[in-house]
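The values are calculated or read from the model by the stated rules, or taken from the named source; none is laboratory data. Just so you know, these numbers come straight off a predicted model, no measurement behind them. Using ideal geometry, Cβ is built from the backbone for each residue, glycine included, and neighbour counts are taken over all protein chains shown.
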Amino acid sequence: MITDRTRRHWRPGYPVAAGVFAIGMAGTTLPTPLYGLYREQLGFSELTVTVVFAVYALGVITVLLLAGNVSDEVGRRPVLLCALGLSAASALCFLFEDGLPALLLGRVLSGFAAGLFSGAATAAVLELAGPGQEGPAGFAATAANMGGLGCGPLLSGLLAQYSPWPLTLPFLVHLGLLALAAVATWLLPETVAHPHRPRTLRPRGLRLPPEVRGVFAPSAVAAFAGFALLGLFTAVAPAFVGQTLGVHNLAVTGLIVFTVFLGSTAGQLLTGQIGVRRALPGGCLVLVVGLLLVATSLVVTSLPVLVAGAVCGGIGQGLAFRAGLTAVGRAAPPEHRGGTISAFFLVAYFGISLPVVGVGALTLELGLRGAGLAFSACVIVVVLAVGLYVLRRPPVDEV
């Protein structure tokens, strides 16, 4: 909690913490429109592109397992500053890359940063909210997370398309933003009352309390499927847009990826209005429609249909994700809530990595269009099964 001393002196509030969160998360998707340029420069396959993307999720998972609750002990500001440093190191890897190892290292460091941001920044935003600001602060944390992820490819796509240094300027600009975020973080009040050095870092494990198991499975599977869609757009969409739809403008590619995360932010906002009981099955249904539109765009080779699928799929992902997270958080006993939510995020981040690598492998045999159609079909089956299950057995009794 914020101490009396910090209350007596003005310090930046939760909007500033949300801005730091957004800048940090933007770095994790910054390379998205650039993968095609790296593929041409280094001569690797679409499978390699998806592996470069997926190691980011492995970095996130590692941090969640080893240090997911470290900011509860050492404080929010030190962890945020460490995450900003890792983001800067990732940007430097891309700036001075001389081959595939540098790209892989940059993505792993980016995953480490995102793993630290996801817990520490969310907690800082919520804890800096004053009386009556809990609702706006909760949405600010959501918007900063998904909005930052969406702004990364939009920024790099514009800079790569319309500047003479497509593989340099996006990362230089992000380094400048990280410097501003570091200054803002230094000015933020510490919200942990008695920070101290942790005795040891131990894997947190994935044990779930009995009270949450019935709710956890369908909610986590829905999150897995939704994050698989996000992974498809952030890892493979540039190749789909360029090779299948014939659109080679990097700014357009970045804008398409941005629309997915914009839709997700809108879906999470809608969840608070329609309630968890309806948002989880409703989100699954909207996600299915989005996947059908994505598959249709590949069959008829239509960019507008792909954009419609991005928006619709993003809204469905946002609805299902926030509803599932809320249901799991409500069902978990307070003493196990942190670990249960961490387990939920672990399942979600597996969704953003494993299926995407599968798509990359399928492109070697089926091509991009065939791999995209196979991916859509598999995820549709999973989401339909979850949607029907939660429609018959709602995750919560109250709306």
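Miscellaneous remarks
- Filtering segment 95-110 to residues that are of a type in the set (Gly, Ala, Ser) and surrounded by fewer than 24 Cβ atoms within 10 Å (Cβ to Cβ) leaves GLY99, ALA102.
- Qualifying residue in segment 276-296 (condition: under 17 Å from GLY148 (Cβ atoms) and not assigned by TED's automatic domain parsing to the domain that holds GLN161): no
- Options GLY370, GLY351: the member that is outside the structural domain of ALA114 (by TED's automatic domain parsing) and without any contact (Cβ under 8 Å) to a residue 12 or more places away in the chain: GLY370
- Members of segment 352-388 found to be closer than 30 Å to THR122 by Cα and at pLDDT below 85, listed by number: ILE352, SER353, LEU354, PRO355, VAL356, VAL357
- Hits in segment 291-306 - residues which are β-branched (Val, Ile, Thr) and without any contact (Cβ under 8 Å) to a residue 12 or more places away in the chain: VAL300
- Here GLU73 clears all of (1) touching a Lys or Arg at 6+ places or on another chain (Cβ under 9 Å); (2) farther than 30 Å from GLU365 by Cα; (3) at pLDDT 80 or above except the condition numbered (3).
- Sole exception among (1) buried (at least 20 other Cβ atoms within 10 Å of the Cβ); (2) modelled with pLDDT of 90 or more; (3) not in a helix (DSSP H, G or I) for THR191, by number: (2)
- Flag if THR301 is over 19 Å from the mean Cα position of the chain (by Cα), at pLDDT 90 or above and polar (S, T, N, Q): no
- ARG277 vs. criteria of a type in the set (Lys, Arg) and either crowded, with 16+ Cβ neighbours inside 10 Å or closer than 30 Å to LEU104 by Cα (or both): yes
- Qualifying residue in segment 3-10 (condition: modelled with pLDDT of 85 or more and not assigned by TED's automatic domain parsing to the domain that holds LEU250): no
- One residue alone among GLY99, GLY111, GLY115, GLY43 is touching a Phe, Trp or Tyr at 6+ places or on another chain (Cβ under 6 Å) and closer than 25 Å to GLY360 by Cβ, and that residue is GLY111.
- Complete set of residues in segment 274-292 that are at pLDDT below 85 and not in a loop (DSSP other than H, G, I, E, B): VAL276, ARG277
- Under the condition of being aliphatic (A, V, I, L, M) and under 13 Å from the mean Cα position of the chain (by Cα), the residues counted in segment 206-224 number 1.
- Test: GLY309 is assigned to a helix (DSSP H, G or I) and either without any contact (Cβ under 8 Å) to a residue 24 or more places away in the chain or not assigned by TED's automatic domain parsing to the domain that holds LEU346 (or both): yes
- Among the conditions (1) surrounded by fewer than 24 Cβ atoms within 10 Å (Cβ to Cβ); (2) at pLDDT 90 or above, GLY138 misses just one, which is (2).
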